[in-house]
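Shown next, in structure tokens, is the structure this report addresses.
Bear in mind these aren't lab numbers, they're just calculated from the coordinates by the rules spelled out. What you see is a predicted model; the values in this text were computed from it and never measured. Neighbour counts run over all protein chains shown; Cβ positions are idealised from the backbone, glycine included.
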Amino acid sequence: MPKPATRPLVYVADEPAPADAHAISPARIRQAARRHPGVFSRVRIVHGPDPKALAEAEIVLGVSFNAATLRQDAPKLRWIQSLNAGVEKLAPKLDRSFKLTNASGLHGPKGGEYGLAAMLLLNHAVQRFVGSQRRRAWEPVFTTPIEGKTVVIAGAGALGQAVALQAKRHRMTTIGINTSGRKAPGFDRVVKARDMAKVLPKADFLVVTLPITPGTENLIDRKAIGLLPDHCGIVNLGRAKVMDYDAMVERLRAGTLAGALLDVFSPEPLPADSPLWDVPNLIVSPHAGVDDGSVYVERGLDIFAANLKRYLAGRKLDNLVDLDKGY
């Protein structure tokens with residue numbers, strides 16, 4: 001890509017203001033500049049809201065902002081760096097002249113560990129013990145170690161790879177599902193999404209790490225859920241609309257799935273009157289599974305700094321999103 005103007009303006013957009021764990025504060029920018037000497041000094045950084053600065057911005061960095069009006073509000077804008085891995089709220093609304101990069105890889109360390117923890121929990125029937133405790137019922141369930149069992153991971157990107165690598169530490173068999181069937185780190189085997197019916201019956205666990213895109217919405221549909229064996233446990237760390245929750249709930253209520261841990265819902269927060277709260281052997285995790293609040297922004301700014309260095313040199317950006325595909 002062509003080199004940018006001298007000292008381009010970076011507009012930091014946090015609108016509306018996010019939780020502190022996600023806030024791109026001036027102090028965090030200064031810390032990132034010390035970690036990456038000679039990079040941030042080559043740009044001008046302005047924190048919003050500041051309409052005049054946005055109108056001059058060549059780069060937007062942020063978590064939350066109005067994507068639909070960016071072409072009008074920021075006529076000089078060329079590149080948007082999101083500090084989210086999932087960009088389903090951005091990509092459909094953006095002018096196709098913009099470059100959009102995401103923060104893929106940000107959730108790996110925490111998300112991989114959480115995915116493993118969820119599988120271990122389901123493997124050892126903790127979800128059943130929680131239900132028994134609520135009824136004050138002494139109902140032992142004797143389980144077996146997770147070693148040697150098979151996890152099918154729908155989504156072989158950075159988060160799915162992190163879960164797979166954790167699973168391999170426990171000598172599990174790991175099967176990934178992606179669009180191309182291309183091999184990925186941590187997986188014994190990767191199949192194309194169109195071939196997932198061949199591997200779902202093998203799953204002791206199904207872990208979903210997919211973003212929501214036109215190609216993934218309802219990918220794990222009623223038919224797919226029907227292929228899972230009765231002893232299978234489900235973990236969703238991706239997006240709710242990738243799965244048919246109604247079909248999953250029917251099997252949980254019928255006792256023909258071992259259990260589920262869901263970290264994502266639609267809408268969020270999950271309404272107090274949602275029937276999901278009371279589904280047997282279902283654990284509700286309030287979209288807190290993969291974000292490491294202690295270093296979320298710091299890791300995101302490291303991703304941005306590496307990309308900013310490429311941008312200033314006129315090189316191709318990493319984590320570039322196809323705006324039509326949504327990932």
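Condition check: under 18 Å from the mean Cα position of the chain (by Cα) and in contact (Cβ under 8 Å) with a residue 40 or more places away in the chain. Does Leu165 satisfy that? Yes; evaluated as a whole, the condition is true for this residue. Identify the residue in the stretch 158-195 that is surrounded by fewer than 24 Cβ atoms within 10 Å (Cβ to Cβ), in contact with a Gly (Cβ under 9 Å, 6 or more places away or on another chain) and small (Gly, Ala, Ser) and, among all such residues, is nearest to Leu120 (Cα to Cα). Among residues in the stretch 158-195 that are surrounded by fewer than 24 Cβ atoms within 10 Å (Cβ to Cβ), in contact with a Gly (Cβ under 9 Å, 6 or more places away or on another chain) and small (Gly, Ala, Ser), the one nearest to Leu120 (Cα to Cα) is Gly186. Look at (1) farther than 19 Å from Phe304 by Cβ; (2) touching a residue at least 60 places away in the same chain (Cβ under 8 Å); (3) surrounded by fewer than 18 Cβ atoms within 10 Å (Cβ to Cβ) and you find that Gly115 fails only one, number (3). Within the set Pro201, Pro140, Pro211, the sole residue that is assigned to a loop (DSSP other than H, G, I, E, B) and either out of contact with any Gly (no Cβ under 9 Å at 6 or more places or on another chain) or more than 18 Å from Tyr114 (Cα to Cα) (or both) turns out to be Pro140. Looking only at residues of the stretch 245-297 that are among the polar types (S, T, N, Q) and farther than 30 Å from Arg28 by Cα, we find that the one that is surrounded by the fewest Cβ atoms within 10 Å (Cβ to Cβ) is Ser266. For residues in the stretch 303-324 being in contact with a Gly (Cβ under 9 Å, 6 or more places away or on another chain) and in a helix (DSSP H, G or I), which is nearest to Arg78 (Cα to Cα)? The qualifying residue nearest to Arg78 (Cα to Cα) is Lys309.
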